[in-house]
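Worksheet: one structure, shown below.
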Amino acid sequence: MAASSYNSSARWKMAKGFRSGLEERVSEQLAFLGIVDCYETTKIPFLQPEKRRTYTPDFILPNGIVVETKGFFTTQDRQKHLWVKEQHPHLDIRFVFTSSKSKIRKGSKTTYADWCVKHGYTYADQSIPVEWIKEREGPHGKAGSRKRVEPRAQRANDKNKDTGRGPRRQ
């Protein structure tokens, strides 16, 4: 194949849309060898495996309320909290924002506060409201009638307690 055909074929493929310079160079190589029209001609279906993740809350109040503090509330953060809420509906997760009036992204009319209201989250600005701290546990062991979350250190201490004899003396 002549060099002019080689270059014109590469220009045609570039118009088709390569994702990288390497794809373009390999296409040029194949075109030079007379192999054409084989770029992204087939789709192969697959299932992405489940990813197991963990969420570490910023603060857990004694009454079980989970408090997440956010300056920036990214798309990834918002998605994570929707997944956590879906999979753990018993948790009472609340947000404290630097400013709940911040937009969720540039050009959006939706604020952090709007997002919280839409998805059923309680929120505050700058600090934890005293009312949250004073809120009593509900009938299911938590404020807001949801399951209480024990901090890891507290669970470890509970396992080491000698129950039935009162407090341990040192």
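Output the residue which, of all residues in region 57-109 that are charged (D, E, K, R) and open to solvent by 60 Å² or more (accessible area, probe 1.4 Å), is nearest to residue 120 (Cα to Cα).
So the first thing to find is which residues in region 57-109 are charged (D, E, K, R), and the list is 58, 68, 70, 77-78, 80, 85-86, 92, 94, 101, 103, 105-106, 109.
Restricting the remaining residues to those that are open to solvent by 60 Å² or more (accessible area, probe 1.4 Å) gives 58, 80, 86, 101, 103, 105-106, 109.
Numbers: 58: 19, 80: 15, 86: 12, 101: 17, 103: 18, 105: 20, 106: 23, 109: 19 Å.
This residue is 86.
Could you please find all residues in region 108-141 being assigned to a helix (DSSP H, G or I), at pLDDT 95 or above and among the aromatic types (Phe, Trp, Tyr)?
Listed by number, the residues that qualify are 112, 115.
If only one of 28, 68, 23 is more than 18 Å from residue 116 (Cα to Cα), in contact with a helix residue (DSSP H, G or I) (Cβ under 8 Å, 6 or more places away or on another chain) and touching a residue at least 12 places away in the same chain (Cβ under 8 Å), which one is it? Break it down stepwise before answering.
Numbers: 68 fails: more than 18 Å from residue 116 (Cα to Cα); 23 fails: in contact with a helix residue (DSSP H, G or I) (Cβ under 8 Å, 6 or more places away or on another chain).
Answer to the check: 28.
Looking at region 63-91, which of its residues are assigned to a loop (DSSP other than H, G, I, E, B) and either aliphatic (A, V, I, L, M) or farther than 13 Å from residue 53 by Cβ (or both)?
Just the residues of region 63-91 that are assigned to a loop (DSSP other than H, G, I, E, B), to begin with: 63-65, 71-74, 88-91.
If the condition is that a residue be assigned to a loop (DSSP other than H, G, I, E, B) and either aliphatic (A, V, I, L, M) or farther than 13 Å from residue 53 by Cβ (or both), then 63, 64, 65, 71, 72, 73, 74, 89, 90, 91 are the ones that fit.
May I ask you to list the residues in region 110-134 that are of a type outside the set (A, V, I, L, M), surrounded by 11 or more Cβ atoms within 10 Å (Cβ to Cβ) and either free of Cβ contacts under 8 Å to residues at least 24 places away in the same chain or closer than 18 Å to residue 75 by Cα (or both)?
110, 111, 112, 114, 115, 116, 119, 121, 123, 129
The values are calculated or read from the model by the stated rules, or taken from the named source; none is laboratory data. What you see is a predicted model, and the numbers here were worked out from it, not measured in a lab. Reconstructed Cβ throughout: ideal geometry from the backbone, glycine too, with neighbour counts over all protein chains shown. Side chains included, ligands, DNA and RNA excluded: accessible areas come from the protein's heavy atoms. Shrake-Rupley method; radii C 1.70, N 1.55, O 1.52, S 1.80 Å.
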